[in-house]
Amino acid sequence: MSITQLKILAISTDAEDVRHVHEILANDPSHEIELHDARILKQALRQLRETRFDAVLLHLPAGRDSSLSALGTLLEHTSGIPVVVLTERDDEELAVLALKAGAQDALSRESLDGGLVARAIRFAIERHQLHVALQAMALLDDLTGLYNRRGFQTLGKQQMKIADRTRKRLSHLFVDVDGLKSINDRFGHREGDLMLLETAELLRSTFRESDLIARIGGDEFVVLAMDVGSPSQDQWTARLEEQLRSHNARPGRRYPLSLSLGFAYYDPAFPCALSDLLDRADTLMYEQKRGKRRLSPLGGVAARRTPSRGVRRDVKRAD
């Protein structure tokens, strides 16, 4: 049987509780347990900041309100760590409330036996890992591996909060792949998928790892970049144009890859919702797309810009 090393933090005001849990976990043959303990929540939070734990055991105090308050505070600081709670008695209602709040499991101190805690911890870790994996899948685009619309909205709002705190602008780019429907009709949807994969790789190679890149629709991509010594819009456009020309110059291509762009900016001095920023760049991108008279033989990109406090205009979309 393989031995897995686990580092567990037990939080309880009762030293006897910690000793009893240590004895139980020491008898688990499938793991080597390194048990740490904390008497108060403040001490536990400090340990969680300084050390990476595989799981947390929290002894809930007798009062229901104080129990859930302590659990809520702990969960705010342990988003990447499963929490198993120990209740004073067989309190089914408190156990359900703890699980609804985010605990992975709830055990009664009165019914603990030699293997129950160890199994609960193992299952809690496995469930938590599965939950994290499913969350990641829900935020990623299946085809390109970029973030999807949900991922962009989730992480984009976080980026805007950071921009507000640091007083840094955000550059927002809306990208539309020209002629995807025509490619699908002429060569089939498999070729259209390859076109989207090429666009995703082009954006990855143009922008920084710290920039948020997502595919939010069939032929629509977005980029959100923090303006920390970042290139200007003209520099981004020139870099993307160069990457695109190099890509289209490869031998054996049956068609050029062409993109339409729209730029917008988020200025913390004039805050707006993420959806408004998205609509602003989307509108400008479609204005630029409609204004194209013909595609360059090598394909191309062109961009329209808006100031941080641009006026939203409704336009009729047309490919």
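The values are calculated or read from the model by the stated rules, or taken from the named source; none is laboratory data. Everything numeric here is computed off the predicted structure, so don't read it as measured data. When we count neighbours, we look across all protein chains shown, and the Cβ atoms used for this are built from the backbone with ideal geometry, even at glycine.
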Residue check, residue 123 over 30 Å from residue 51 (Cα atoms), aromatic (Phe, Trp, Tyr) and touching a residue at least 12 places away in the same chain (Cβ under 8 Å): no
Taking the options 233, 288, name whichever one is in the same structural domain as residue 169 (by TED's automatic domain parsing), modelled with pLDDT under 90 and under 27 Å from the mean Cα position of the chain (by Cα). 233
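Yes or no, residue by residue, for (1) surrounded by 19 or more Cβ atoms within 10 Å (Cβ to Cβ); (2) among the small types (Gly, Ala, Ser); (3) more than 19 Å from residue 59 (Cβ to Cβ):
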site	(1), (2), (3)
74	yes, no, no
78	yes, no, no
81	yes, no, no
84	yes, no, no
94	yes, no, no
116	no, no, no
142	no, no, yes
156	yes, yes, yes
How many residues does the stretch 174-215 contain that are in contact (Cβ under 8 Å) with a residue 60 or more places away in the chain and among the acidic types (Asp, Glu)? 2
Requiring at least 1 residues that are modelled with pLDDT of 80 or more and either β-branched (Val, Ile, Thr) or not assigned by TED's automatic domain parsing to the domain that holds residue 96 (or both), the strands (runs of 3 or more DSSP E) wholly within the stretch 1-70 are 4-11, 55-59
Residue 244 vs. criteria in contact with a Gly (Cβ under 8 Å, 6 or more places away or on another chain), farther than 26 Å from residue 182 by Cα and at pLDDT 90 or above: no
In the stretch 123-131, is there at least one residue being outside the structural domain of residue 219 (by TED's automatic domain parsing) and over 27 Å from the mean Cα position of the chain (by Cα)? no
Show me the helices (runs of 4 or more DSSP H) entirely contained within the stretch 143-252 in which 3 or more residues are among the hydrophobic types (A, V, I, L, M, F, W, C) and touching a Ser or Thr at 6+ places or on another chain (Cβ under 7 Å). 189-206
Would you point out which residue out of 212, 244 is within 22 Å of residue 158 (Cα to Cα) and not acidic (Asp, Glu)? 212
Test residue 113 against the criterion of being at pLDDT below 75, more than 27 Å from residue 50 (Cα to Cα) and in contact with a helix residue (DSSP H, G or I) (Cβ under 7 Å, 6 or more places away or on another chain), and give yes or no. no
Return yes or no: is residue 185 charged (D, E, K, R), farther than 24 Å from residue 266 by Cα and surrounded by 15 or more Cβ atoms within 10 Å (Cβ to Cβ)? no
For the stretch 251-278: of the residues being surrounded by 13 or more Cβ atoms within 10 Å (Cβ to Cβ) and among the small types (Gly, Ala, Ser), which is nearest to residue 225 (Cα to Cα)? 264
